[in-house]
Amino acid sequence: MLKELKPGFLLMAVMTVMLGLIYPAVITMIAQVVFPNQANGSLIVRDGEVIGSRLLGQSFARPEYFHPRPSGAGSGYDASASAGSNLGPTSAKLLNGAITTDDKGAESVAFDGIKVRIVHYCVENRIPYQSSTSLDTFKDAQGNLDDVKLIKAFSDEKAPLVFRPMSSIPADAVTGSASGLDPDISPANAEVQAARVAMARRVPVEGVRRLIGQHTVGRTFGLLGEPHVNVLELNLAIDEVFPAR
């Protein structure tokens, strides 16, 4: 019996050394020599500090920055919890959002929903819209939109809130990616946000649009994928050329 087992154990040992040690070591050395930046995570370093990766999205919420597409990764852009919403196109939760209630009865947003995202996108970027009910109805004491109220209004079976933008909104502005970590937005999305960023920084919008064009990456080999703009790199360029006041 040992005679029959010996070749199997020897083969396992040889393959373990070759494929578990030698092969990974060789590929790692080649990657470090040929593609060192990509092999180390495509990290972006400023003043000796790693501030992000070209491959991973991160949150930007202030008006003087371009905003990324929504994220379903953990609490948002969590690289340890990469995921999408996994909701279908006819899902009421995907469209209207969902509310959760804690053990003390306090309500909060469990999922904001595409319609709520459209409202915020229009308000933030001053896109004209029509609303069956004034948005002032859904503001809190500080004058901010209350997403819980919006979700309830959109989910009202008898008289749901109807909100229509007067111009088209890029799909990536209100939908998350499958990973929740997409670092890019479409040029159309960036163009819509340009006026807000320029106003917040008190600079000509033409200069902001010029930076968008400079940071727009075309299709791979002219055929694969879609043109896109890396949000982190664009925001770094904005800070460098037009520092926020």
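The values are calculated or read from the model by the stated rules, or taken from the named source; none is laboratory data. Predicted model only: the values in this text are computed from it and were never measured. Positions of Cβ are backbone-derived with ideal geometry, glycine not excepted, and every protein chain shown enters the neighbour counts.
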#### Entry: Conditions (1) within 17 Å of Ser42 (Cβ to Cβ); (2) free of Cβ contacts under 8 Å to residues at least 60 places away in the same chain; (3) surrounded by 20 or more Cβ atoms within 10 Å (Cβ to Cβ); (4) not aromatic (Phe, Trp, Tyr): number failed by Ala237
(3)
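Residues that are under 30 Å from Ala200 (Cβ atoms): which strands (runs of 3 or more DSSP E) entirely in segment 87-133 hold 2 or more of them?
Values: elements: 98-101, 107-111, 129-131.
Output list reads 107-111, 129-131.
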## Note on the structure
Of (1) touching an Asp or Glu at 6+ places or on another chain (Cβ under 8 Å); (2) over 30 Å from Val197 (Cβ atoms); (3) in contact (Cβ under 8 Å) with a residue 40 or more places away in the chain; (4) of a type outside the set (Asp, Glu), Ala98 fails just (1)
### Message
One residue is enough: does segment 186-199 have a residue meeting the conditions out of contact with any His (no Cβ under 6 Å at 6 or more places or on another chain), outside the structural domain of His120 (by TED's automatic domain parsing), closer than 17 Å to Val241 by Cβ and not in a helix (DSSP H, G or I)?
### Response
no
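Can you tell me which residue among Ser177, Ser167 is in contact with a Gly (Cβ under 7 Å, 6 or more places away or on another chain) and either touching a residue at least 24 places away in the same chain (Cβ under 8 Å) or not assigned by TED's automatic domain parsing to the domain that holds Val119 (or both)?
Working: Ser167 fails: in contact with a Gly (Cβ under 7 Å, 6 or more places away or on another chain).
Unique residue meeting the criteria: Ser177.
Any idea which residue in segment 71-92 is surrounded by the most Cβ atoms within 10 Å (Cβ to Cβ), counting only those that are touching a helix residue (DSSP H, G or I) at 6+ places or on another chain (Cβ under 6 Å) and under 18 Å from Phe60 (Cα atoms)?
Ala73
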